[in-house]
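*Asks:* What follows is a single structure, and I will ask about it in a moment.
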Amino acid sequence: MSESARLADQIRRAFEGDAWHGDSLLEILAGVDAKTAAAHPIENAHSIWELVLHIAAWDEAVLRRAEGKAAELSDTQNFPPVTDTSDAAWRKAVAQLKTTHDRLVKAVTAFPDSRLLEQLPGKREEYHDFFYNFSGIVQHELYHAGQIALLKKAKMR
């Protein structure tokens, strides 16, 4: 298995399941409805929905970088506002997250190992290479999955 395929597998496991640490992002999101997703049970914390949009935004940014494009997010892109809290809008947000994630996994799987240590488009810092970015998105998703798990528990009380 190539190094890129191993990275893609870790990205997939963090998101879909069969992860070493425990529940994946999708496993944690199971059973979350629009009302729970939009709630703010912890003062000054993002909602589950806001975190889902944030994760999707960064999956898209990493995907764009894998395609050779520079990708930076504005504050609004980083945490897009939730303007429609309907059940349909929640289902759409989760579906979009899944679609973006699937595209990211495919792109990382196909990424040439020989390019993993190349610098990211638009970045000058030495540590901003593709390997760092692909392994970092795993950490990012798991960090926010933990937040979502806590928000889900707080809402259930």
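The values are calculated or read from the model by the stated rules, or taken from the named source; none is laboratory data. Since the structure is predicted, the reported quantities are computational estimates derived from the model, not experimental observations. Cβ atoms come from the backbone with ideal geometry, glycine included; neighbour counts cover every protein chain shown.
*Asks:* Would you please list the contacts, defined by Cβ atoms under 7 Å and residues six or more apart or on different chains, that run from a residue in region 114-135 that is of a type in the set (D, E, K, R) to a residue that is crowded, with 16+ Cβ neighbours inside 10 Å and in a loop (DSSP other than H, G, I, E, B)?
*Replies:* 129/116; 129/120
*Asks:* Can you tell me how many residues in region 10-22 are surrounded by fewer than 16 Cβ atoms within 10 Å (Cβ to Cβ) and either among the acidic types (Asp, Glu) or out of contact with any Ser or Thr (no Cβ under 8 Å at 6 or more places or on another chain) (or both)? Give the derivation first.
*Replies:* Pass one, region 10-22, residues surrounded by fewer than 16 Cβ atoms within 10 Å (Cβ to Cβ): 17-18, 20-22.
If we keep only those that are either among the acidic types (Asp, Glu) or out of contact with any Ser or Thr (no Cβ under 8 Å at 6 or more places or on another chain) (or both) too, we end up with 18, 20-22.
Number of matching residues: 4.
*Asks:* Further, regarding this structure: Among the residues of region 119-157 satisfying the criterion of being surrounded by 13 or more Cβ atoms within 10 Å (Cβ to Cβ) and outside any helix (DSSP H, G or I), which is modelled with the lowest pLDDT?
*Replies:* Ranking the qualifying residues of region 119-157, first place goes to 123.
*Asks:* Would you point out the residue of region 109-118, among those that are closer than 14 Å to residue 67 by Cβ and among the hydrophobic types (A, V, I, L, M, F, W, C), that is surrounded by the fewest Cβ atoms within 10 Å (Cβ to Cβ)?
*Replies:* At the first step, the residues of region 109-118 found to be closer than 14 Å to residue 67 by Cβ are 109-112, 115, 118.
Then drop every residue that is not among the hydrophobic types (A, V, I, L, M, F, W, C), which leaves 110-111.
Values: 110: 12, 111: 21.
Filtering region 109-118 for residues that are closer than 14 Å to residue 67 by Cβ and among the hydrophobic types (A, V, I, L, M, F, W, C), the one surrounded by the fewest Cβ atoms within 10 Å (Cβ to Cβ) comes out as 110.
*Asks:* Same structure, new question: Is it the case that residue 59 is of a type in the set (Asp, Glu), within 19 Å of residue 138 (Cα to Cα) and modelled with pLDDT of 95 or more?
*Replies:* Details: of a type in the set (Asp, Glu): yes; within 19 Å of residue 138 (Cα to Cα): yes; modelled with pLDDT of 95 or more: yes.
Here the answer is yes, as residue 59 does meet what is asked.
*Asks:* Check whether at least one residue in region 42-52 is of a type outside the set (A, V, I, L, M), in a helix (DSSP H, G or I), modelled with pLDDT of 95 or more and under 15 Å from the mean Cα position of the chain (by Cα), and report yes or no. Before the answer, list the steps.
*Replies:* Of all residues in region 42-52, those of a type outside the set (A, V, I, L, M) come to 43-44, 46-47, 49-50.
Okay, now just the ones that are also in a helix (DSSP H, G or I), so 49-50.
Next, only the ones that are modelled with pLDDT of 95 or more stay: 49-50.
From what's left, under 15 Å from the mean Cα position of the chain (by Cα): 49-50.
Yes.
*Asks:* Go through region 3-21 and report how many residues are farther than 20 Å from residue 95 by Cβ and either acidic (Asp, Glu) or within 17 Å of the chain's Cα centre (by Cα) (or both).
*Replies:* Taking region 3-21 and keeping what is farther than 20 Å from residue 95 by Cβ, we get 3-10, 13, 18-21.
Those still in the list that are either acidic (Asp, Glu) or within 17 Å of the chain's Cα centre (by Cα) (or both) too: 3, 7-10, 13, 18-19, 21.
Residues in region 3-21 being farther than 20 Å from residue 95 by Cβ and either acidic (Asp, Glu) or within 17 Å of the chain's Cα centre (by Cα) (or both): 9 in total.
*Asks:* Looking at (1) part of a helix (DSSP H, G or I); (2) crowded, with 19+ Cβ neighbours inside 10 Å; (3) at pLDDT below 95, which one does residue 71 not meet, given that it meets all the others?
*Replies:* It is condition (1) that residue 71 fails.
*Asks:* Select from region 108-118 the residues that are part of a helix (DSSP H, G or I) and of a type in the set (A, V, I, L, M, F, W, C) and write down the one among them that is farthest from residue 62 (Cα to Cα). Lay out the reasoning, then the answer.
*Replies:* The first filter runs over region 108-118 and keeps only residues part of a helix (DSSP H, G or I), leaving 108-110, 113-115.
In the following step, the residues that additionally are of a type in the set (A, V, I, L, M, F, W, C) were identified as 108, 110.
Numbers: 108: 9, 110: 14 Å.
Per the criteria, the residue is 110.
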